[in-house]
Amino acid sequence: MTSESARFSPGDQVRVRTDPSQGHVRTPTYVKGKTGVVEKLYGSFGNPESLAYGGDGLPKQPLYLVRFEQKDLWPDYRAPSRDKLLVDLYENWLEPAT
Amino acid sequence: MQSVHDRGGRPDDRPIDRTEHELSIWEKRTDALVALLGARGLLRTDELRRAIESIEPQRYESLSYYERWIVAVEKLMVEKGVLTSAAIDRKAAELAAQRAR
């Protein structure tokens, strides 16, 4: 695994793409279009969207732990505003947040 | 359209069901079967997930966790040509007849 091939680093702000999910994807709908911060890079793994259909999973996708603010994810969130949600997301679903 | 398995954020006023349940023998066997099929290269975790997610929504909702697993295993074994639906049905009927005796 070469971390230099990963597009994002811890601390980067990223937005989850809003593409419709076609077939097997690991990105839950409730984070689509939301902005979070990269906590860490796990490494690169075979793409589940290919592996799920007998494909070779290449090219491998960097996988990140992304931190969201709960209040950004849910309308009328009433619990403590410092609450976070951590989600594992593959790089092909992330873009830089500007 | 959001897939049936993509649960997060669906409004629901019901309290979370926290009851534990001991797994039945067939559930433990299903778990073991999936591990074995994986070790033999006949099935991948990603394929199992995909097959579970492809279960028609109303049926998906009516099945328990391991029922979804075994339905997915059957779909994949037929898809990959390891078994035919006819062979599975025949064996299931045979086992049912044996149990009835």
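The values are calculated or read from the model by the stated rules, or taken from the named source; none is laboratory data. Every value quoted in this text rests on a predicted model; they were computed, and no experiment measured them. Heads up, the Cβs are rebuilt from the backbone with ideal geometry, glycines too, and the neighbour counts pull from every protein chain shown. The area values use the complete protein model at the heavy-atom level, side chains included, leaving out ligands, DNA and RNA. Shrake-Rupley method; radii C 1.70, N 1.55, O 1.52, S 1.80 Å.
Candidates in region A:21-43 are the residues that are of a type outside the set (V, I, T) and farther than 21 Å from A:K60 by Cα; of these, the one that is surrounded by the fewest Cβ atoms within 10 Å (Cβ to Cβ) is A:G33. Can you pull out the residues in region A:11-20 that are crowded, with 19+ Cβ neighbours inside 10 Å and within 13 Å of chain B (Cβ to nearest Cβ)? The answer is A:V16, and nothing else.
Determine if region B:35-52 includes at least one residue that is among the β-branched types (V, I, T) and within 14 Å of chain A (Cβ to nearest Cβ). Yes, some residue in region B:35-52 is among the β-branched types (V, I, T) and within 14 Å of chain A (Cβ to nearest Cβ).
One residue alone among B:E56, B:E74 is closer than 29 Å to A:S21 by Cα, open to solvent by 40 Å² or more (accessible area, probe 1.4 Å), out of contact with any Lys or Arg (no Cβ under 9 Å at 6 or more places or on another chain) and in contact (Cβ under 8 Å) with a residue 12 or more places away in the chain, and that residue is B:E74. Based on this model, can you work out whether A:A79 counts as closer than 15 Å to A:R17 by Cβ, of a type in the set (G, A, S) and surrounded by fewer than 19 Cβ atoms within 10 Å (Cβ to Cβ)? It is false that A:A79 is closer than 15 Å to A:R17 by Cβ, of a type in the set (G, A, S) and surrounded by fewer than 19 Cβ atoms within 10 Å (Cβ to Cβ). Taking region B:1-82 and the helices (runs of 4 or more DSSP H) fully enclosed by it, the elements with 3 or more residues that are over 19 Å from A:Y53 (Cβ atoms) and not hydroxyl-bearing (S, T, Y) are at B:25-39, B:57-62.
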